[in-house]
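Values quoted throughout were computed directly from the atomic coordinates according to the rules given, and no laboratory measurement underlies them. As the structure is a prediction and not an experimental result, all values here were calculated from the model. Cβ sites come from the backbone with ideal geometry, for glycine too, and all protein chains shown count toward neighbours.
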Amino acid sequence: MTKFPAYSAGLAAALLSAAALSTVFAADSAPPNFMPDDKTAWLAPDDDFISPENGPGPVVSDPAHPYISFYRHQRNPNPTFRVADLNNVILQDWTKQALKKANENSLSGAVISTPKERCWPVGVPAFSLLPSTGVRFLQTQKQVTLIWPQDHQVRRVYLDVPHSANPKPSWFGESVGHYEGDTLVVDTIGLDKRSYVDNYFTPHTEALHVVERYRLIEGGRTLEVNIRVEDQGAFTTPWTAMQRYRRVDQGEMAESVCAENNGDHFDHGVEPIPTAEKSDF
């Protein structure tokens, strides 16, 4: 892991911009500051969503095959692959069939890798399921940038502007946002259907619409994200989920290249990593 100086310069500029931004608003209406210094990062505790207390929620593991996460249970010598609960009411028939196939792969004994483990962009809302390395924020008057440095995954949220009429589908879609008091509201459409909604390989269509609400709680020690997901092509009803990040000091941002030394060295038959068809220069 090597230092990446450009990030430090970018963070310094963002912090100055955030300070300037706070002067634009009255003290009682200033937007939340998710990056109070250049070392703060927000660490996800697990790579599964938190289900809502009431109403339709995300896909979770089959009770007959409980998922034992390496991130949440690091001392457990027997982590397991995911097997989705196919009884979730949000699933349309074709979505359920896709998950059934993913379940069969998980139960086959084969090594199963999630997209982020094979260096693929994870999309939205799965961006909230990236543990091990904290998410960083860059806040300016016109844009909020979310960075997951472990594989240079970057989301850009354009503030106080409408969506494009016909955004071209992309890995992270088109995100526009605004502040509502102490909350950053992010509205995302135009998501490439090659991504998955979660780490169970739940598919979606290009009609996927995600709204995330970011706010600081517990005296700024926790970042809570409430998520609403809607896709009439994949789900029977809108559903909600949550993530709660804890604030950590991870020092200056560093570069971590997923594709380095990430081949199928032991012939497990894992998915290939993204490979360019031609060089950039």
Run the simple label-point estimate for Arg118 and Glu218 please: 7 Å along Cα→C-beta, distance reported in nm.
3.5 nm
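For Lys278 and Ser51, FRET efficiency with R0 = 35 Å and r from the beta-carbon atoms, rounded to 0.05?
0.20
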Can you give me the distance in nm between label points at Glu104 and His152, each placed 7 Å from the Cα along the Cα-to-Cβ direction?
3.8 nm
Obtain the nm distance between the two label points defined at Thr140 and Glu206 by a simple spin-label model: each point lies 7 Å from its Cα along the Cα-to-C-beta direction.
3.0 nm
Interatomic Cα distance distribution for segment 154-281, bins of 10 angstrom, percent
10, 29, 33, 23, 4, 0
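In the structure displayed, which of Lys101/Lys193; Lys100/Lys193; Lys39/Lys193; Lys39/Lys168; Lys168/Lys278 lie more than 29 Å apart, Cα to Cα? Could the numbers behind the result be given before it?
Details: Lys101/Lys193 17 Å; Lys100/Lys193 18 Å; Lys39/Lys193 34 Å; Lys39/Lys168 34 Å; Lys168/Lys278 23 Å.
Distance filter (> 29 Å) returns Lys39/Lys193; Lys39/Lys168.
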